[in-house]
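Notes follow the structure.
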Amino acid sequence: MIAIIDYNMGNLRSVQNAFRLLGKEVHIESSADNLAKYDKVILPGVGAFGDAMDHLKSSNLDEAIIEFSKTDRPLLGICLGMQLLFQSSCEFGHHEGLGLIDGEIKAFDTKRFDQALKVPHMGWNEVFVNGGDLFDGMSEEFYLYFVHSYHVVCDDRFVAAKSHYGYEFVSAVHKENIYGLQPHPEKSHTNGLKILENFIKL
Amino acid sequence: MDVKDGRVVKGVNFVGLRDAGDPVEVAKRYNDEGADEITFLDITASHEKRDTIVHIVEEVAREVFIPLTVGGGIRKLDDIYALLSVGCDKVSINSSAIKRPEFIDEGAKRFGSQCIVVAIDVKRSGNGWSVYLNGGRVDTGLDAIEWAAEVAKRGAGEILLTSMDADGTKKGFDLEITSRISSMVNIPVIASGGAGSMEHIEDAFTKGKADAALAASIFHYKEIDIVDLKHYLKSKNIPVRL
């Protein structure tokens, strides 16, 4: 059984709908005590990093996610949920993350952009796959839907895919049983659904 | 998609509505044909029927996996919450923002700028453009460019800019106001109103400097195929998802 963590940070229904279409029921789970019983866990999220960590901590979900990550069972962070997997973010001040993967979250540096672009980065953009089983059976580049102003900066060994917006940035990460996607697979039509299908198969 | 009493409708210059189908079926067709986003504008007149749109979105979100925006009659933070919780990704606010601009700040703070789209309906007046309300019937007296700057400053994540002069005419977007606003604000601007050909949509991106283009009639009545349109735009070096 797959759990989607509900910590009051955004729309879980679309993720649930996507799995339902793929024929897989998922549970919306808000209790830290229950997390250990799932085969797979998804950490979604829309909003600000600091608020999200506060919500996770106040319900002890932070500890429960860290414990779950040690079990070898797959954990997938989507958008803000992916950013939370890292050590820290500079969004509205310095905030500590879950620290499951080494790296930090930084704002798009518009001064480094190769052309004038607007932030947030909103819309469809190409993803260039590095590797990783989330992208099994998919082409090396395809479009997914993004909405974000911050992105991951981490060591290349954790990079599963990159994209380009003003400059090259990390759009997917993978470390052992921990997966992260900056774009929203649940809003990315056929390619997004294929990624979620691959997650089901892990 | 303009939705009235649970049906997709389309008019010219916001009047003379024609039926264009069931919203769930139409949305599913666009999802399958390669549309990048879908926007619903609820133009139901009576307040009692307002819940209809929430149910429609709920049904659409079960089958459609591209971003959904919903506008029309959104007055309170609870209205936004009701839509987001059934699978809508962004809400589009218009009159409520004009009546009480703080509503933009409040929505952005609670749900994030990325889901607050401010719709601005404009008409040429004299040397400039005025902001209109209620489907083009009420002139607010606000200057379109000043209002666009204010909504961006207050935390709107996108501007859905509709030219009421052009809407439904199929004679092309109002490129001048689109380009002026798009060059000024640092948030995406969606050009709307007047799309009649592939060239018009190309112009919205090049001459109009728009970040996205919205069209209704040409897709509802199958005058332009979405896949053909995207191939055309790609051939003109406009980045599109194929």
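The values are calculated or read from the model by the stated rules, or taken from the named source; none is laboratory data. Keep in mind that what you see is a predicted model, and the values were worked out from it rather than measured. All Cβ positions, glycine included, derive from the backbone under ideal geometry; neighbour counts span all protein chains shown.
Key figures for this structure:
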| item | result |
| --- | --- |
| The one condition in (1) in contact with a strand residue (DSSP E or B) (Cβ under 7 Å, 6 or more places away or on another chain); (2) within 14 Å of chain A (Cβ to nearest Cβ); (3) charged (D, E, K, R) that B:D121 fails to fulfil | (2) |
| Pairs where the first residue, in the stretch B:25-36, is in contact (Cβ under 8 Å) with a residue 12 or more places away in the chain and the second is surrounded by fewer than 19 Cβ atoms within 10 Å (Cβ to Cβ), C-beta under 6 Å, 6+ apart | B:K28/B:E63; B:E33/B:I226; B:G34/B:I226; B:G34/B:V227; B:A35/B:I226 |
| Matching residues, the stretch B:200-240, being touching a residue at least 60 places away in the same chain (Cβ under 8 Å), in a loop (DSSP other than H, G, I, E, B) and surrounded by 20 or more Cβ atoms within 10 Å (Cβ to Cβ) | B:A216 |
| Members of the stretch A:1-59 that are over 18 Å from A:Y179 (Cα atoms), in a loop (DSSP other than H, G, I, E, B) and among the small types (G, A, S) | A:G10, A:G23, A:S30, A:S31, A:G47, A:A48, A:S59 |
| Strands (runs of 3 or more DSSP E) wholly inside the stretch A:60-157 containing at least 2 residues that are out of contact with any strand residue (DSSP E or B) (no Cβ under 6 Å at 6 or more places or on another chain), of a type outside the set (F, W, Y) and more than 21 Å from A:E168 (Cβ to Cβ) | none |
| Residue that is farthest from B:N186 (Cα to Cα) [pool: residues in the stretch A:158-183 that are in a loop (DSSP other than H, G, I, E, B) and in contact with a strand residue (DSSP E or B) (Cβ under 9 Å, 6 or more places away or on another chain)] | A:N177 |
| Qualifying residues in the stretch B:181-205 (those that are of a type in the set (A, V, I, L, M, F, W, C) and more than 19 Å from B:V118 (Cβ to Cβ)) - the one nearest to the chain's Cα centre (by Cα) | B:A195 |
| Residue within the stretch A:71-87 that is exposed (fewer than 14 other Cβ atoms within 10 Å of the Cβ) and free of Cβ contacts under 8 Å to residues at least 40 places away in the same chain present | no |
| Candidate set: the stretch A:103-136, residues that are among the small types (G, A, S), modelled with pLDDT under 95 and within 21 Å of A:Y179 (Cβ to Cβ); chosen: the one surrounded by the fewest Cβ atoms within 10 Å (Cβ to Cβ) | A:G131 |
| Residue check for B:G155: in a loop (DSSP other than H, G, I, E, B) and within 14 Å of chain A (Cβ to nearest Cβ) | yes |
| Residue match in the stretch A:143-161 (condition: touching a Ser or Thr at 6+ places or on another chain (Cβ under 6 Å), away from chain B (no Cβ under 14 Å) and either without any contact (Cβ under 8 Å) to a residue 40 or more places away in the chain or under 20 Å from B:Q114 (Cα atoms) (or both)) | yes |
| The listed residue being in contact (Cβ under 8 Å) with a residue 12 or more places away in the chain and either away from every other protein chain (no Cβ under 12 Å) or of a type in the set (S, T, Y) (or both), out of A:E168, A:E176, A:E126 | A:E176 |
| Check on B:F65, at the interface with chain A (Cβ under 10 Å from one of its Cβ atoms) and crowded, with 23+ Cβ neighbours inside 10 Å | yes |
| Any hit, the stretch B:37-54, residues being within 12 Å of another protein chain (Cβ to nearest Cβ), at pLDDT 95 or above and either in contact with an Asp or Glu (Cβ under 9 Å, 6 or more places away or on another chain) or surrounded by 19 or more Cβ atoms within 10 Å (Cβ to Cβ) (or both) | yes |
| Yes/no for A:D51 being closer than 28 Å to A:F146 by Cα and within 14 Å of chain B (Cβ to nearest Cβ) | yes |
| So B:D165, is it in contact with a strand residue (DSSP E or B) (Cβ under 8 Å, 6 or more places away or on another chain), of a type in the set (D, E) and in a loop (DSSP other than H, G, I, E, B) | yes |
| Index of the failed condition, A:F199 passing every other in (1) more than 21 Å from A:H95 (Cβ to Cβ); (2) touching a strand residue (DSSP E or B) at 6+ places or on another chain (Cβ under 6 Å); (3) in a strand (DSSP E or B) | (3) |
| Number of the condition not met by A:A116 [criteria: (1) over 30 Å from B:L242 (Cβ atoms); (2) without any contact (Cβ under 8 Å) to a residue 60 or more places away in the chain; (3) of a type in the set (G, A, S)] | (1) |
